[in-house]
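Engineer: Take a look at the following structure, please.
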Amino acid sequence: MKNYYPLLVFMLFYNFGFSQTQKEHKNKTYHNEKGRLFVNKHEPMYLFLGTNPDGENIQRLKSESTKEYANPFYFDTEGYNTVRTPSKVDTITRKVVLPAGDIIFEVYADGLAPVSTSKFLAAPNFFKDGVLYYGKNLEIAISTFDEMSGVESLFFSLDGVAYTKYASLLKITDEKAYTVAYYGVDNVGNTEKVKTKKFALDITAPVVDWNMEGEISGNYISGRSKIRLTAKDNLTGVRNIYYQFGEGKRLNYNFPISTGFLKEGYHKIKFWADDKVLNMSDFSDDIKSDFIIDKTAPVVSSKILNDKYIGKFVYVSERSQLEITAEDAQSGVDQIKYGFNDGVIKTVYKSPVSFIKEQGPQSVRYRAFDKVSNKSSVTTTSVFLDNRAPVSGIDYSGPEFFARDTLFINNKTKVKLFSKDNASGIKQIAYTVNGNEAVYDTIFTIENEGFNKIDFYATDNVNNAEIIKSSEVVVDNIGPEIYVNFSIKPIRIEEKSGEKINVYPPYVKLYLGATDKQCGTNKIYYQIDGGKKQNYTSSNSLSNIAMFNSEASHQVLITAYDKLDNEVTKLVKFVVAEK
């Protein structure tokens, strides 16, 4: 991070306004390697004559005709100048050399300073807000040229330090603002005006960061999410941002990256940036830049708790509940929402759902959402709510008799229980006889003599139970008690085969009768001495039959029935004799 950038800007303006004082260089004359004489064109010139080469007895020449221009005089021409005398004289004969010609003394006047240039090498540059920035590996090459006397020295100053002679490339390494000043001096003292260049060095790469936009949970994102890359550079500014998924192709970042084209699963993104002078940031390996794309919705399942029966429909009761569960192997389940029938699916599922307590069909529609908002398709559970109990009854078939608000039956009477349910159907009929519990599965009878109470109720297949119903009966398994009376008392008792038998005189009459404690006598039958079975009535009763008037031994089999057809028999043995 270039946190020092504001200070650097201040330093730029500060340094750009400061420069070291130029060195002082005196004008002079100069002989080059060819022996040519170079003088500074700006300096005054004087001519001297002498009679020996050692410079003794030297006299300064004066002009009579142009004395105002002669001492001193100035060369008027840059470069080649001459001092002449008429006629060449042979130095031996002292005679004029023909053809006649001037004696020429060459002097080279140099009044121009060197011209220096600088080159900034090996580094990209960018101009921003009046400042010229360079990138890494900057080297400055300074050179100078003088056409006449030639360059004596080249001087430079960096950031206001004292001028020194330039010897080799200047390597610029510190990130800050700079001023480089330089000038050349030729061999006759002409000094170039100082040239300056102001610039700054930017060697810090941009800082890049990333963030996810959209549906995110931890390092899980949906395929609808986007990745936004941001870069900041405090000097020249960001040039480009680059990114790469895994070992894939490097791409330029221009707008948020859609993750929809990426496969579901683990991914790693690398990203970096360069600035306007090509400082490149490092890959983002030191940043946690991995993520998992979750494009798969949760898997939803449900289970009906408590009462449930599968028939024509899935039947439930008011006690039933729908338990909804979901699983998600990636980001995890966030929530489940549900709604009834065609209503909006908006209620957040927190615990098992109770059904609407109305008889008839209904449905629960639901879907699950994971933590990156992938949503499952809508699942529907359809049920038939049965909240009405069955209706049951009891039926007796066989011997039965009703009297005095009481139903009489016997152990041959068949007891049948039945039930009806218009929805889930009958599961069972439970009953008790005098407190003994049982589940009804077939017709039954009751053996217990006397008062009996039958309690029963039906339960349907979703455990709706009706209110207990009761039926009370009196079980009569005992036939009537038979009574036999003779019109005359026996005249004696005889013993035959160890059995005592009454003996009656002729013309004895036999009277029959029967009583029943519970439901009453229905019929009495008799058979005399193994004959035909006859109904005992007032018209053919034994008392009206004159058959017991002759001497004989008799057996009368008497059978009596009550109104439940309980049967009782009695054998009467007697003898008719005159004496």
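Engineer: Check whether at least one residue in segment 296-308 is without any contact (Cβ under 8 Å) to a residue 60 or more places away in the chain and among the β-branched types (Val, Ile, Thr), and report yes or no.
Structural biologist: Within segment 296-308 (the criterion being without any contact (Cβ under 8 Å) to a residue 60 or more places away in the chain and among the β-branched types (Val, Ile, Thr)), the answer is no, since none of the residues qualifies.
Engineer: Quick check on segment 474-515: of everything there that is under 17 Å from residue 561 (Cβ atoms) and charged (D, E, K, R), which residue is farthest from the chain's Cα centre (by Cα)? Please lay out each step first, then the result.
Structural biologist: First pass over segment 474-515, keeping only residues under 17 Å from residue 561 (Cβ atoms): 475-484, 512-515.
From what's left, charged (D, E, K, R): 476, 481.
Working: 476: 77, 481: 90 Å.
Once the filter is applied, the top-ranked residue is 481.
Engineer: So which of 341, 252, 306 ends up being in the same structural domain as residue 226 (by TED's automatic domain parsing) and not hydrophobic (A, V, I, L, M, F, W, C)? It would help to see each step written out before you state the result.
Structural biologist: On the way: 341 fails: in the same structural domain as residue 226 (by TED's automatic domain parsing); 306 fails: in the same structural domain as residue 226 (by TED's automatic domain parsing).
So the residue among 341, 252, 306 that is in the same structural domain as residue 226 (by TED's automatic domain parsing) and not hydrophobic (A, V, I, L, M, F, W, C) is 252.
Engineer: Mind checking which residues of segment 294-337 are surrounded by fewer than 18 Cβ atoms within 10 Å (Cβ to Cβ), among the hydroxyl-bearing types (Ser, Thr, Tyr) and assigned to a loop (DSSP other than H, G, I, E, B)?
Structural biologist: Residue satisfying the conditions is 296 alone.
Engineer: Looking only at segment 227-249, filter to residues that are at pLDDT 95 or above and of a type in the set (Lys, Arg); which one of those is surrounded by the most Cβ atoms within 10 Å (Cβ to Cβ)?
Structural biologist: 239
Engineer: Please go through segment 46-75 and give me each residue that is outside any loop (DSSP other than H, G, I, E, B), aliphatic (A, V, I, L, M) and in contact with a strand residue (DSSP E or B) (Cβ under 9 Å, 6 or more places away or on another chain), ordered by number. Working first, answer last.
Structural biologist: Filtering segment 46-75 down to residues outside any loop (DSSP other than H, G, I, E, B) leaves 48-49, 59-60, 67-70, 73.
Checking the rest, the ones that are also aliphatic (A, V, I, L, M) come to 49, 70.
Of everything in segment 46-75, just one residue is outside any loop (DSSP other than H, G, I, E, B), aliphatic (A, V, I, L, M) and in contact with a strand residue (DSSP E or B) (Cβ under 9 Å, 6 or more places away or on another chain), namely 49.
Engineer: Take segment 27-43 and flag every residue that is surrounded by 10 or more Cβ atoms within 10 Å (Cβ to Cβ) and either out of contact with any His (no Cβ under 7 Å at 6 or more places or on another chain) or at pLDDT below 90 (or both). Reasoning before the result, please.
Structural biologist: Within segment 27-43, the subset surrounded by 10 or more Cβ atoms within 10 Å (Cβ to Cβ) is 27-32, 36-43.
Matches in segment 27-43: 28, 29, 30, 31, 32, 36, 38, 39, 40, 41, 42, 43.
Engineer: For residue 561, state whether it is surrounded by fewer than 19 Cβ atoms within 10 Å (Cβ to Cβ), in contact with a Pro (Cβ under 8 Å, 6 or more places away or on another chain) and either in contact (Cβ under 8 Å) with a residue 40 or more places away in the chain or closer than 30 Å to residue 448 by Cα (or both). Break it down stepwise before answering.
Structural biologist: Values: surrounded by fewer than 19 Cβ atoms within 10 Å (Cβ to Cβ): yes; in contact with a Pro (Cβ under 8 Å, 6 or more places away or on another chain): yes; either in contact (Cβ under 8 Å) with a residue 40 or more places away in the chain or closer than 30 Å to residue 448 by Cα (or both): yes.
In short, yes.
Engineer: Here's a follow-up. Regarding segment 92-109, can at least one residue be identified that is outside the structural domain of residue 277 (by TED's automatic domain parsing), under 28 Å from residue 236 (Cβ atoms) and without any contact (Cβ under 8 Å) to a residue 24 or more places away in the chain?
Structural biologist: No, there is no match, as no residue in segment 92-109 is outside the structural domain of residue 277 (by TED's automatic domain parsing), under 28 Å from residue 236 (Cβ atoms) and without any contact (Cβ under 8 Å) to a residue 24 or more places away in the chain.
Engineer: Among 223, 218, 260, which is the only one that is touching a strand residue (DSSP E or B) at 6+ places or on another chain (Cβ under 8 Å) and more than 30 Å from residue 126 (Cβ to Cβ)? So that I can check it myself, show each step before the final result.
Structural biologist: Working: 218 fails: touching a strand residue (DSSP E or B) at 6+ places or on another chain (Cβ under 8 Å); 260 fails: touching a strand residue (DSSP E or B) at 6+ places or on another chain (Cβ under 8 Å).
Unique residue meeting the criteria: 223.
Engineer: Within segment 494-541, which residues are touching a residue at least 12 places away in the same chain (Cβ under 8 Å) and among the acidic types (Asp, Glu)?
Structural biologist: 494, 499, 516, 529
Engineer: Is it the case that some residue within segment 417-424 is over 10 Å from residue 390 (Cβ atoms) and surrounded by 19 or more Cβ atoms within 10 Å (Cβ to Cβ)?
Structural biologist: Checked segment 417-424: at least one residue is over 10 Å from residue 390 (Cβ atoms) and surrounded by 19 or more Cβ atoms within 10 Å (Cβ to Cβ).
Engineer: Would you be able to tell me the number of residues in segment 432-454 that are within 60 Å of the chain's Cα centre (by Cα) and either buried (at least 19 other Cβ atoms within 10 Å of the Cβ) or assigned to a loop (DSSP other than H, G, I, E, B) (or both)?
Structural biologist: 3
Engineer: Just one of the numbered conditions (1) assigned by TED's automatic domain parsing to the domain that holds residue 85; (2) touching a residue at least 40 places away in the same chain (Cβ under 8 Å) is not true of residue 25; which one?
Structural biologist: For residue 25, the failing item is (1).
Engineer: Let me ask you something else. Do we find that residue 91 is modelled with pLDDT under 95 and assigned to a strand (DSSP E or B) in this structure?
Structural biologist: On the way: modelled with pLDDT under 95: yes; assigned to a strand (DSSP E or B): no.
Taking the combined requirement at face value, the residue does not satisfy it.
Engineer: Name the residue that is surrounded by the most Cβ atoms within 10 Å (Cβ to Cβ), counting only residues in segment 179-225 that are out of contact with any Phe, Trp or Tyr (no Cβ under 9 Å at 6 or more places or on another chain) and assigned to a strand (DSSP E or B).
Structural biologist: 222
Engineer: Which of the residues belonging to segment 94-112 are in a loop (DSSP other than H, G, I, E, B) and in contact with a Ser or Thr (Cβ under 6 Å, 6 or more places away or on another chain)? Quick ask: steps written out before the conclusion?
Structural biologist: Residues of segment 94-112 that are in a loop (DSSP other than H, G, I, E, B), as a first pass: 94-95, 97-102, 111-112.
Residue satisfying the conditions is 100 alone.
Engineer: Can you name the residue in segment 248-288 that is aliphatic (A, V, I, L, M) and part of a loop (DSSP other than H, G, I, E, B) and, of all such residues, is nearest to residue 210 (Cα to Cα)? If you could, list the steps in order and put the result at the bottom.
Structural biologist: Filtering segment 248-288 down to residues aliphatic (A, V, I, L, M) leaves 251, 257, 262, 269, 273, 277-278, 280, 287.
Then drop every residue that is not part of a loop (DSSP other than H, G, I, E, B), which leaves 262, 277-278, 287.
Values: 262: 17, 277: 23, 278: 21, 287: 10 Å.
Filtering segment 248-288 for residues that are aliphatic (A, V, I, L, M) and part of a loop (DSSP other than H, G, I, E, B), the one nearest to residue 210 (Cα to Cα) comes out as 287.
The values are calculated or read from the model by the stated rules, or taken from the named source; none is laboratory data. Just so we're clear, the structure is a prediction, and the values are computed from it rather than from any experiment. FYI the Cβ positions are ideal-geometry reconstructions off the backbone, even for glycines, and counts take in every protein chain you see.
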